[in-house]
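One structure below.
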Amino acid sequence: MALHTPSHPLPTKLAKADAIEVAALYDRCADYFLLQDGLAPTLADADELFIGLPSEKEARDQTVLGWRGDDGLHAVAAILRDYPRDGTWYLGLMIVEPAHRGLGLGRAIYGEIEDWAAKRGATEIRLAVLEANEAGERFWRSLGFGEVRRVGPDAFKIKSHRRIELSRHLAGSFGANGSQ
Ligand SMILES: CC(C)(COP(=O)(O)OP(=O)(O)OC[C@H]1O[C@@H](n2cnc3c(N)ncnc32)[C@H](O)[C@@H]1OP(=O)(O)O)[C@@H](O)C(=O)NCCC(=O)NCCS
């Protein structure tokens with residue numbers, strides 16, 4: 001279910017040339033990068049959003065979407081088609097800037113991503129949330145995601161994390177309460 005309001009513009013596809021704008025959003029989301037990496041984000045982290053792919057996938061398999069307001073990007077998300085298997089689409093990152101969190105934007109943009117992917121053949125959405133990101137885990141579970149497995153620990157700059165791989169099977173359109 002897509003929700004479009006004046007404060008919630010339609011997403012646009014982003015390309016590597018938009019990395020500076022993504023880096024500015026990441027700066028505003030330093031809380032998340034400090035949790036993940038133990039260090040503030042850099043331009044290289046924004047570049048990585050566009051080029052950091054599993055070796056068997058190519059840039060054309062990934063779509064990076066951005067939600068812009070008058071004051072720049074409010075949110076970005078990156079989704080990889082058919083990974084790790086056909087029909088499963090992998091949400092590599094979804095981040096909302098702190099000033100816009102807790103207002104329903106995350107839920108709304110996830111709904112848009114899911115509808116967009118389902119129209120292109122996705123039957124399942126997967127993602128991995130850091131075990132340390134308890135708020136993020138609660139958010140995804142509230143949208144109907146369930147645990148597949150735990151992986152790691154893996155290195156993230158000066159930190160190390162185990163991650164919870166979560167999945168949601170698409171049996172219909174995304175509902176307002178996160179149910180199918
Ligand atoms: C996780 C994130 C994307 C959620 O976006 P958001 O715009 O804040 O979420 P919403 O306002 O749409 O909230 C949707 C639901 O999740 C719940 N929720 C959102 N953030 C929550 C939090 N920190 N703790 C508990 N519940 C939360 C809300 O209560 C809401 O439930 P409701 O509709 O029943 O009231 C956003 O907080 C974020 O960018 N966090 C930092 C990056 C991150 O963790 N990304 C995910 C990495 S896997």
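Every read-out reported here was derived from the displayed coordinates using simple, explicitly stated rules and does not represent laboratory data. Predicted model, so just to flag it, every value in this text is computed and none were measured. Cβ: placed from backbone, ideal geometry, glycine included. Neighbour counts: every protein chain shown.
Structure summary
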| item | result |
| --- | --- |
| Residue satisfying condition, being closer than 26 Å to residue 21 by Cα, within 13 Å of the ligand (Cβ to nearest atom), within 17 Å of the chain's Cα centre (by Cα) and among the β-branched types (Val, Ile, Thr), within set 95, 125 | 95 |
| Test for residue 132: is it within 14 Å of the ligand (Cβ to nearest atom), surrounded by fewer than 19 Cβ atoms within 10 Å (Cβ to Cβ) and touching a residue at least 12 places away in the same chain (Cβ under 8 Å) | yes |
| Residue tally, condition within 15 Å of residue 73 (Cβ to Cβ) and of a type in the set (A, V, I, L, M, F, W, C), over region 34-52 | 4 |
| Cβ-Cβ under 6 Å pairs, at least 6 apart or on other chains, region 84-105 side on the phi > 0 side of the Ramachandran plot, far side assigned to a loop (DSSP other than H, G, I, E, B) | 87/123 |
| Matching option when the condition is in a loop (DSSP other than H, G, I, E, B) and within 18 Å of residue 34 (Cα to Cα), among 99, 128, 132 | 132 |
| Test: residue in region 72-92 that is over 25 Å from residue 167 (Cβ atoms) and of a type outside the set (A, V, I, L, M, F, W, C) | yes |
| Checklist (1) part of a helix (DSSP H, G or I); (2) closer than 15 Å to residue 18 by Cβ; (3) within 16 Å of the ligand (Cβ to nearest atom); (4) over 11 Å from the mean Cα position of the chain (by Cα) applied to residue 107, failing item | (2) |
| Search result, residues across region 27-42 that are surrounded by 13 or more Cβ atoms within 10 Å (Cβ to Cβ) and either closer than 16 Å to residue 156 by Cα or free of Cβ contacts under 8 Å to residues at least 24 places away in the same chain (or both) | 27, 30, 32, 33, 34, 35, 36, 37, 39, 41, 42 |
| Cβ pairs under 7 Å, 6+ apart, first in region 140-155 and over 22 Å from residue 106 (Cα atoms), second away from the ligand (no atom under 14 Å from the Cβ) | 153/160; 154/160 |
